[in-house]
Structures are given as C-alpha cells and as structure tokens.
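Have a look at the structure below, then the notes.
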Amino acid sequence: MKTCTLNDFLEAVKPWIDNAYIRNAYLNSDGYFVLNFTDGVKNIYQINDCDTGQLEGILNELKEKGIPVKK
C-alpha cells in the first residue's frame, strides 16, 4: 500500500489513466483507492488529505474516460 496526498496520487497515475492500462478502479472496504492494471498489478493507495466524496469524484472521472469502476 502506498500512502500519499491527493496531488501526489493524481500525478502518479496521470500517465496511466487509460483503459488500455487500468483494468478497473474502486474504493475498498477500508476506504483505500485501488487500481487493478491490465498486466495484473494491483496498487492500493491510502490518500490522506481528502474525503470519500473527493475519491468518488475521481472514480467518476475515470468512469467517464472508459475505465470500469467497481462499486
């Protein structure tokens, strides 16, 4: 698991925001942001400076870009 700020998270995933790279995204039961990549890698992020609403907003943006979002 990686702990980061929202800005650091967005910068880290910016190059990968494409359904060719990200298989799906979701918030797990602990409220951590999970990205499953098409190569089998699973990254879990504890984003420590935002709330669930902001994370759900990011999920909505990913969904709009064609990335499957799990509920």
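The values are calculated or read from the model by the stated rules, or taken from the named source; none is laboratory data. This one's a predicted model, so the numbers in the text were calculated from it and none came from an experiment. In this analysis, Cβ positions are derived from the backbone assuming ideal geometry, glycine residues included, and neighbour counts consider all displayed protein chains.
Taking interchain pairs and intrachain pairs at least six residues apart, which have beta carbon atoms under 8 angstrom, with the first residue in the stretch 20-47 and small (Gly, Ala, Ser) and the second part of a loop (DSSP other than H, G, I, E, B)?
Note: pairs meeting the criteria are Ala20/Thr38; Ala25/Ile67; Ala25/Pro68; Ala25/Lys70.
Output the residues belonging to the stretch 13-55 that are among the polar types (S, T, N, Q) and out of contact with any Pro (no Cβ under 7 Å at 6 or more places or on another chain). Steps first, please.
Step one: of the stretch 13-55, the residues among the polar types (S, T, N, Q) are 19, 24, 28-29, 36, 38, 43, 46, 48, 52, 54.
Correct list: Asn19, Asn28, Ser29, Asn36, Thr38, Asn43, Gln46, Asn48, Thr52, Gln54.
List the strands (runs of 3 or more DSSP E) inside the chain, counting only whole elements, that have at least 2 residues being modelled with pLDDT of 95 or more.
In the chain, 22-27, 33-37, 42-47 are the strands (runs of 3 or more DSSP E) which contain 2 or more residues that are modelled with pLDDT of 95 or more.
Within the stretch 25-47, is there a residue that is touching a Ser or Thr at 6+ places or on another chain (Cβ under 6 Å) and polar (S, T, N, Q)?
Yes, the stretch 25-47 contains a residue that is touching a Ser or Thr at 6+ places or on another chain (Cβ under 6 Å) and polar (S, T, N, Q).
Say we look at the stretch 27-55 and pick out the residues that are among the charged types (D, E, K, R) and over 17 Å from Asp8 (Cα atoms); which of these is surrounded by the fewest Cβ atoms within 10 Å (Cβ to Cβ)?
The extreme case among them is Asp39.
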